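Have a look at the structure below, then the notes.
The values are calculated or read from the model by the stated rules, or taken from the named source; none is laboratory data. Bear in mind the structure is a predicted one, so any value in this text is a computation, not a measurement. Cβ atoms come from the backbone with ideal geometry, glycine included; neighbour counts cover every protein chain shown.
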Amino acid sequence: MSGNHFNQPGLLIKEMCESHWPEVAQVYKQGIITGFATFEKEVPSYEQWNKNHLSNCRIVAYRDDKIIGWAALSPVSGRSVYRGVAEVSVYVAESERGSGVGRLLMEELITSSEKEGFWTLQSGIFPENKNSIKLHEKTGFRFIGKREKIGRLDGIWKDNLLFERRSEIVGVY
């Protein structure tokens with residue numbers, strides 16, 4: 001894992017472990033509160049979150065011994081043909097949004113995902129989540145489509161923009 005990036009002293013990336021969950025859950029809750037980061041309405045238990053995310057490619061961003069962001073991958077399918085395809089989650093604490101922490105997390109997640117053999121990363125983003133769209137575009141994701149009224153949040157139909165990033169490492173897998 002990396003150390004200082006974006007000229008931010010004290011900013012570190014570490015592998016996520018179960019003991020990080022209380023702080024990770026707080027950052028996740030801040031994303032849920034925005035109303036445009038996820039369809040989730042409540043932070044799940046660690047056991048539920050753990051079940052829905054891959055055991056590798058889980059990272060946290062630390063500053064001053066406090067978790068200020070996290071990133072992880074979820075499988076898109078249990079079928080073996082999709083073993084190299086995963087969905088991205090990146091969450092940054094409200095106080096750190098726009099500081100470059102999200103980009104650092106995404107770049108580390110991309111690097112670790114390629115080391116683990118993933119060739120495609122994908123994301124579904126609410127159209128109003130402009131910062132997430134910019135983050136994905138800056139880190140090599142491309143817009144591939146829009147799912148209209150794919151789900152309801154607080155009784156309102158929501159669209160989802162689809163982004164994907166293909167590994168630049170060709171022929172490795």
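Just a yes or no: is a residue in the stretch 55-71 acidic (D, E), within 23 Å of D159 (Cα to Cα), over 15 Å from the mean Cα position of the chain (by Cα) and not in a helix (DSSP H, G or I)?
Within the stretch 55-71, not a single residue is acidic (D, E), within 23 Å of D159 (Cα to Cα), over 15 Å from the mean Cα position of the chain (by Cα) and not in a helix (DSSP H, G or I).
Name the single residue that is nearest to the chain's Cα centre (by Cα) among those in the stretch 72-100 being polar (S, T, N, Q) and part of a helix (DSSP H, G or I). Please lay out each step first, then the result.
Going through the stretch 72-100, the residues polar (S, T, N, Q) turn out to be 74, 77, 80, 89, 95, 99.
Among the residues that remain, those that are also part of a helix (DSSP H, G or I) are: 80, 95.
Numbers: S80: 22, S95: 17 Å.
Taking the candidates together, the pick is S95.
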**Request:** Go through (1) touching an Asp or Glu at 6+ places or on another chain (Cβ under 9 Å); (2) surrounded by fewer than 18 Cβ atoms within 10 Å (Cβ to Cβ) one by one and return the number of the condition D154 breaks.
**Result:** (1)
**Asked** What pairs come up if the first residue lies in the stretch 31-57 and is among the small types (G, A, S), the second is surrounded by fewer than 16 Cβ atoms within 10 Å (Cβ to Cβ), and their beta carbons are under 8 Å apart, counting only those six or more places apart or on different chains?
**Response** G35/L153; G35/D154
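Could you count how many residues in the stretch 101-119 are within 14 Å of the chain's Cα centre (by Cα) and either among the basic types (K, R) or not in a helix (DSSP H, G or I) (or both)?
Step one: of the stretch 101-119, the residues within 14 Å of the chain's Cα centre (by Cα) are 101-113.
Checking the rest, the ones that are also either among the basic types (K, R) or not in a helix (DSSP H, G or I) (or both) come to 103.
Matching residues across the stretch 101-119 total 1.
Quick grid of which residues meet (1) more than 21 Å from I33 (Cα to Cα); (2) among the hydrophobic types (A, V, I, L, M, F, W, C):
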position: Y82; (1), (2): yes, no
position: E96; (1), (2): no, no
position: I125; (1), (2): no, yes
position: S132; (1), (2): no, no
position: K138; (1), (2): yes, no
position: I156; (1), (2): no, yes
position: N160; (1), (2): no, no
position: R165; (1), (2): yes, no
position: I169; (1), (2): yes, yes
**Prompt:** Tally time: how many residues in the stretch 49-82 are surrounded by fewer than 16 Cβ atoms within 10 Å (Cβ to Cβ) and in contact with a Gly (Cβ under 8 Å, 6 or more places away or on another chain)?
**Reply:** 1
**Asked** Name the pairs whose Cβ atoms lie under 6 Å apart, with the first residue in the stretch 126-150 and under 18 Å from E40 (Cα atoms), the second among the aliphatic types (A, V, I, L, M) and at pLDDT 95 or above, and 6 or more positions between them or separate chains?
**Response** P127/L161; S132/I125
**Contacts under 9 angstrom Cβ, first residue in the stretch 95-108 being β-branched (V, I, T) and buried (at least 17 other Cβ atoms within 10 Å of the Cβ), partner in a helix (DSSP H, G or I) and modelled with pLDDT of 95 or more, 6 or more apart** = none
**Asked** In the list E116, E137, which residue meets the criterion of being surrounded by fewer than 16 Cβ atoms within 10 Å (Cβ to Cβ), modelled with pLDDT of 95 or more and not aliphatic (A, V, I, L, M)?
**Response** E137
